[in-house]
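Supplied in structure tokens, the structure appears directly below.
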Amino acid sequence: MTWNVRTRHQATLAQEQGVIQKDWGGRLSVALAFPNSYYVGMSSLALQILYRQFNAHADVVCERVFYDAESAAAGEPLLTLETSRHVSEADVWAFTISYEMDYFNVVAMLRQAGLPPLARDRDEGWPLLIAGGPGVTMNPEPMAPFFDAIIIGEGEEVLEDLIELFQQAINAPRAKLWADLAAIPGVYVPALTPPIQEQGSRPQRVPRLWVRDLRRYPPVSSIYAPETEFRGMHLMEIARGCGRGCRFCLAGYVYRPPREQPLQDLLAWAEAGLQHTSRLGLISAAVSDHTQIDELATSLQEMGASLSVSSMRVDPISVPLVRAMRASGAQTLTIAPEAGSRRLRDVIAKTQTEDQLLAAVELAAELDFSQIKFYFMVGHPTETQEDMEELVAFIHKARAIFKRRIAMNATPFVPKAHTPFQWMPMTPARVLKKRQRWLQRQVGRLRVAVRADSPSWAEIQGVLSRGDRRLAGVLLDMQEISVRHFWQVMQQHGLERDEFLGQLPVGRMMPWMIVESGVSNQFFRYEWRQAQRSRLGPHCPPDSAGCLSCGVCDEDWAFRFSDGKPVRRSRPIKLSDGQRR
Ligand code: SF4
């Protein structure tokens with residue numbers, strides 16, 4: 001069996017550029033895991049940044065591990081990719097987790113590796129298990145019992161402290177290592193931290209880490225591989241975070257404040273990337289919000305790059321970027337209205353107007369894109385049948401302009417921790433299914449393809465994203481990954497749907513508040529009140545200059561460009577209701 005895995009690994013490695021292989025002797029060994037397939041995992045820039053940062057240390061060897069369901073089902077061992085070592089041989093097993101739905105794969109990998117799944121059952125004879133990434137940053141609690149430590153927020157800066165500690169004390173008694181880890185800001189050690197609901201009035205919370213000087217950690221690909229979602233693309237994170245404040249969006253809050261990479265650095269990284277491939281992928285929560293996006297797109301086009309982007313806003317749209325994408329062969333323009341009516345877009349604070357959206361459709365027609373893809377969500381708080389009808393009316397207008405292929409996603413809204421909608425009920429799956437089917441009927445007549453993600457699985461995502469440590473028991477007791485079985489095991493554990501998916505008491509201490517995200521609950525409550533009145537809220541000013549509104553930016557950061565003298569003071573939100581931006 002090991003032979004089969006080893007052979008597959010060698011075939012994969014043979015196709016890659018940039019692989020780092022080192023002897024394990026005398027080095028700290030790290031098994032860096034992405035709990036999903038190689039195809040998905042290798043498209044994660046976070047994995048590539050971590051791989052390069054660990055291996056930048058001469059006395060550290062870092063090898064990748066991915067989840068292969070077939071291999072696990074066949075009873076094959078879980079081996080690292082580079083040298084096919086069993087993961088249990090590693091000193092540290094580090095997971096980067098992007099999605100709640102990968103929690104099932106984490107548990108499956110622990111089982112496949114033969115490790116006791118719960119941290120309390122492992123001593124220094126077992127690898128130390130750590131995790132990080134957006135999938136555990138905003139609510140680490142469902143996965144907390146599995147890990148010795150969870151990095152809350154952006155790990156680049158704390159990684160150096162961790163490597164230093166591991167080199168000194170990786171074989172120390174586990175309790176001692178836990179204590180040393182818990183002393184590092186931003187490192188959450190669940191074994192030493194009671195759930196927040198069990199802590200008194202002055203709870204011990206873990207501050208979310210964010211990198212102030214992003215230039216120090218080049219956010220670019222380090223391995224080029226054809227068998228991935230982005231097929232050997234050179235990925236570049238051009239900015240981190242988004243200041244737009246869309247109220248449903250986790251990325252808008254997990255990476256606050258918004259920061260961007262300087263144009264010159266991006267062009268230098270692109271030049272280096274173009275030595276390996278002509279295909280460049282620009283990554284950011286809102287690529288077109290980079291303040292120098294037009295210059296960047298034009299320069300990259302002149303450098304001969306073929307461009308792909310992760311997301312595009314249309315308020316305003318970067319015409320040079322869209323032209324550069326089309327000129328380099330892009331066939332699809334992807335736009336995310338998220339909601340069909342102006343009223344609902346104001347509720348979710350997605351500020352694109354219908355005119356701006358239709359102008360983007362006209363641009364796609366003018367540039368002869370072969371497809372437009374719209375991202376919509378269904379089940380937003382306060383959503384009505386009128387909002388759905390306005391969505392269909394919008395598609396009619398788009399169809400009148402754009403004659404070629406139109407596709408749209410109708411993704412269920414899932415309320416997320418540390419967002420203004422964190423207390424909101426999730427629309428029941430049966431209602432979501434009805435709305436999706438109604439949409440399919442309405443726009444199907446316009447030859448518009450609708451991708452309707454499963455509301456039943458979205459409900460499970462909703463439970464995991466607002467769950468607590470009891471869900472670890474549910475994940476452990478699941479014998480098969482199915483919707484029906486999930487709810488069976490929930491029932492066996494005495495857990496009800498509405499405890500996680502119903503209306504949650506606004507202002508109550510919730511499990512995920514073990515994380516101090518930096519955004520004040522006062523700000524979230526204010527944003528929710530504005531949403532109920534279909535009013536927009538504040539968003540981050542350029543460079544976050546002089547803004548203390550949500551609580552994330554401190555004075556040092558907000559006034560860093562103002563030679564120390566505050567140019568404008570804006571204390572945390574006491575905005576008068578009725579303000580409309
Ligand atoms: S304090 Fe202001 S600039 Fe900073 S993240 Fe919050 S809203 Fe944005």
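The values are calculated or read from the model by the stated rules, or taken from the named source; none is laboratory data. This one's a predicted model, so the numbers in the text were calculated from it and none came from an experiment. Don't worry about glycine lacking a Cβ; one is built from the backbone with ideal geometry, like all the others, and counts go over all protein chains shown. The area values use the complete protein model at the heavy-atom level, side chains included, leaving out ligands, DNA and RNA. Shrake-Rupley method; radii C 1.70, N 1.55, O 1.52, S 1.80 Å.
So, in segment 375-414, how many residues would count as being assigned to a strand (DSSP E or B) and more than 27 Å from residue 501 (Cα to Cα)?
Of the residues in that region, 3 qualify.
Look through segment 565-581, keep the residues that are open to solvent by 30 Å² or more (accessible area, probe 1.4 Å) and either modelled with pLDDT of 50 or more or more than 23 Å from residue 421 (Cβ to Cβ) (or both), and return whichever of them is farthest from the ligand (Cβ to nearest atom).
In this case the residue turns out to be 565.
Out of all the residues in segment 221-231, is one or more open to solvent by 60 Å² or more (accessible area, probe 1.4 Å) and without any contact (Cβ under 8 Å) to a residue 24 or more places away in the chain?
Looking for residues that are open to solvent by 60 Å² or more (accessible area, probe 1.4 Å) and without any contact (Cβ under 8 Å) to a residue 24 or more places away in the chain, one finds none in segment 221-231, hence no.
I need a count of the residues in segment 543-564 that are under 23 Å from the mean Cα position of the chain (by Cα) and either polar (S, T, N, Q) or more than 7 Å from the ligand (Cβ to nearest atom) (or both).
Here the count works out to 2.
Here's a follow-up. Return the residues of segment 527-540 that are out of contact with any Asp or Glu (no Cβ under 9 Å at 6 or more places or on another chain), assigned to a helix (DSSP H, G or I), within 16 Å of the ligand (Cβ to nearest atom) and not charged (D, E, K, R); say none if nothing qualifies.
Scanning segment 527-540 gives a single hit, 528.
Does residue 459 fit the bill of being in a helix (DSSP H, G or I), among the acidic types (Asp, Glu) and out of contact with any Ser or Thr (no Cβ under 7 Å at 6 or more places or on another chain)?
Answer is yes for this residue.
Sticking with this structure for a sec: Applying the selection to segment 313-339, what residues are at pLDDT 95 or above and over 30 Å from residue 274 (Cβ atoms)?
Across segment 313-339, the qualifying residues are 337, 338, 339.
Of everything in segment 243-252, what is open to solvent by 20 Å² or more (accessible area, probe 1.4 Å) and touching a Lys or Arg at 6+ places or on another chain (Cβ under 9 Å)? Give them in sequence order.
244, 248, 249, 250
Checking residue 521 against (1) at pLDDT below 65; (2) open to solvent by less than 70 Å² (accessible area, probe 1.4 Å): exactly one of these is not met. Which one?
Condition not satisfied by residue 521: (1).
Of the conditions (1) of a type outside the set (Lys, Arg); (2) more than 25 Å from residue 516 (Cα to Cα); (3) in contact with a strand residue (DSSP E or B) (Cβ under 6 Å, 6 or more places away or on another chain), residue 413 fails just one. Which one is it?
Residue 413 satisfies every listed condition except (2).
Tell me yes or no: at least one residue of segment 236-246 is in a strand (DSSP E or B), more than 24 Å from the chain's Cα centre (by Cα) and over 20 Å from residue 41 (Cα atoms).
No, that holds for no residue.
Same structure, new question: Just give me the residues in segment 240-287 being hydroxyl-bearing (Ser, Thr, Tyr) and either more than 20 Å from residue 314 (Cα to Cα) or away from the ligand (no atom under 16 Å from the Cβ) (or both), in sequence order.
Listed by number, the residues that qualify are 253, 255, 277, 278.
In segment 314-343, which residues are farther than 21 Å from residue 391 by Cα and among the charged types (D, E, K, R)?
If the condition is that a residue be farther than 21 Å from residue 391 by Cα and among the charged types (D, E, K, R), then 323, 326 are the ones that fit.
Something else: Give the residues of segment 445-501 that are open to solvent by 40 Å² or more (accessible area, probe 1.4 Å), over 27 Å from residue 249 (Cα atoms) and not polar (S, T, N, Q), sorted by residue number.
Passing the criteria: 445, 447, 477, 480, 484, 493, 494.
Also, I was wondering about something else. Quick one: which of 518, 467, 494 is outside any helix (DSSP H, G or I) and within 16 Å of the ligand (Cβ to nearest atom)?
Sole residue among the options that is outside any helix (DSSP H, G or I) and within 16 Å of the ligand (Cβ to nearest atom): 518.
Name the helices (runs of 4 or more DSSP H) wholly inside segment 1-71 in which the number of residues that are open to solvent by 40 Å² or more (accessible area, probe 1.4 Å), among the β-branched types (Val, Ile, Thr) and farther than 17 Å from residue 231 by Cα is 1 or more.
Output list reads 2-15.
If you don't mind, there's one more thing I want to ask. Yes or no: segment 193-216 includes at least one residue that is open to solvent by 40 Å² or more (accessible area, probe 1.4 Å), aromatic (Phe, Trp, Tyr), at negative phi and touching a residue at least 24 places away in the same chain (Cβ under 8 Å).
Checked against the condition, which is being open to solvent by 40 Å² or more (accessible area, probe 1.4 Å), aromatic (Phe, Trp, Tyr), at negative phi and touching a residue at least 24 places away in the same chain (Cβ under 8 Å), segment 193-216 yields no hits at all.
Just name the residue that is farthest from residue 157 (Cα to Cα) out of those in segment 6-62 that are in contact with a strand residue (DSSP E or B) (Cβ under 6 Å, 6 or more places away or on another chain) and of a type in the set (D, E, K, R).
The selected residue is 22.
Given the criteria touching a residue at least 12 places away in the same chain (Cβ under 8 Å), among the aromatic types (Phe, Trp, Tyr), within 16 Å of the ligand (Cβ to nearest atom) and crowded, with 22+ Cβ neighbours inside 10 Å, does residue 188 qualify?
Against the criterion (touching a residue at least 12 places away in the same chain (Cβ under 8 Å), among the aromatic types (Phe, Trp, Tyr), within 16 Å of the ligand (Cβ to nearest atom) and crowded, with 22+ Cβ neighbours inside 10 Å), residue 188 does not qualify.
Still on this structure: When you look at residue 508, is it open to solvent by 70 Å² or more (accessible area, probe 1.4 Å) and in a helix (DSSP H, G or I), yes or no?
So residue 508 fails the test.
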